[in-house]
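These notes concern the structure reproduced below.
The values are calculated or read from the model by the stated rules, or taken from the named source; none is laboratory data. Everything quoted here is computed from the prediction, not taken from an experiment. Positions of Cβ are generated from backbone atoms using ideal geometry, with glycine treated the same way; all protein chains shown enter the neighbour counts.
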Amino acid sequence: MDVEKQEQCKKPCKDEAVFYIAINTILYLIPPVFLVTIGILNIDDSTFTIWIFLTSSLMLVYIASYWMNLLNEAKYTSTVTEKSEVLSEEKYLKTKDTIEHHQLLMKMIFYLLFSYGFCFSIQMIALGSQRLDYHIEILVFCCFFLFFYMIEFARFFQLQILRWQEGVYEKTIEHLKFRHVPEMYELQNCVIQIYNDLDLILNQLKFMFFVCYF
């Protein structure tokens, strides 16, 4: 009976996870498909051909790394919940760090590619290009992702501030040798609340900009 109840509880969670992964994959696929589409529609203009090929290819590689990370998480979760030897914690952490480092490198390359597309499309528009609509599409595309990167940078600084605050809190507790310091708990709760509020605002900005773009 307990096994049946566990299976019944797992099914809705599994369905939600599949739905979430499917939506994320579709959202990840929209940018490269969009780039390839406008590249095909403007095949006679070779201005951005190499840029489109490089950017869309790197996006597909990033999607592959996203799936590799999901597979790594799934194997480790299976190891923990079912107490099997599918994946050791050491190998899980090593694989996770490797994937995250590669993703960080790809994000840096993305930033350079989008900056190039942004600057070059502005230059072509200023020179009065005959394919004005084509260059405007590239410009808007690059603006969207550069704005997205600004939000990601803001979130990164959020995390650093939170980690710094936690470090100060732990060192203060260790220095004072107290197990309960109300003032420090209040400070920690205040910082966490500010972090959550900023995180909510950033997510809303990303969603609004994404909806406006498409």
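Brief remarks follow.
- Given (1) touching a Gly at 6+ places or on another chain (Cβ under 8 Å); (2) not in a helix (DSSP H, G or I), index of the condition ASP45 fails: (1)
- In segment 124-147, the residues that are over 17 Å from ASN42 (Cβ atoms) form Cβ pairs under 8 Å with partners that are of a type in the set (Ser, Thr, Tyr) and assigned to a helix (DSSP H, G or I), at six or more places apart or across chains, as follows: PHE144/TYR213; LEU146/TYR111; LEU146/SER115.
- Where a residue in segment 50-62 is buried (at least 16 other Cβ atoms within 10 Å of the Cβ) and its partner, wherever it lies, is among the basic types (Lys, Arg) and part of a helix (DSSP H, G or I), with Cβ under 9 Å and at least six apart: TYR62/LYS107
Conditions tested, residue by residue: (1) closer than 16 Å to ILE138 by Cα; (2) at pLDDT 85 or above; (3) assigned to a helix (DSSP H, G or I).
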| site | (1), (2), (3) |
| --- | --- |
| THR25 | no, no, yes |
| ILE30 | yes, yes, yes |
| VAL36 | yes, yes, yes |
| ILE50 | yes, yes, yes |
| MET59 | yes, yes, yes |
| SER78 | no, no, yes |
| LEU87 | no, no, no |
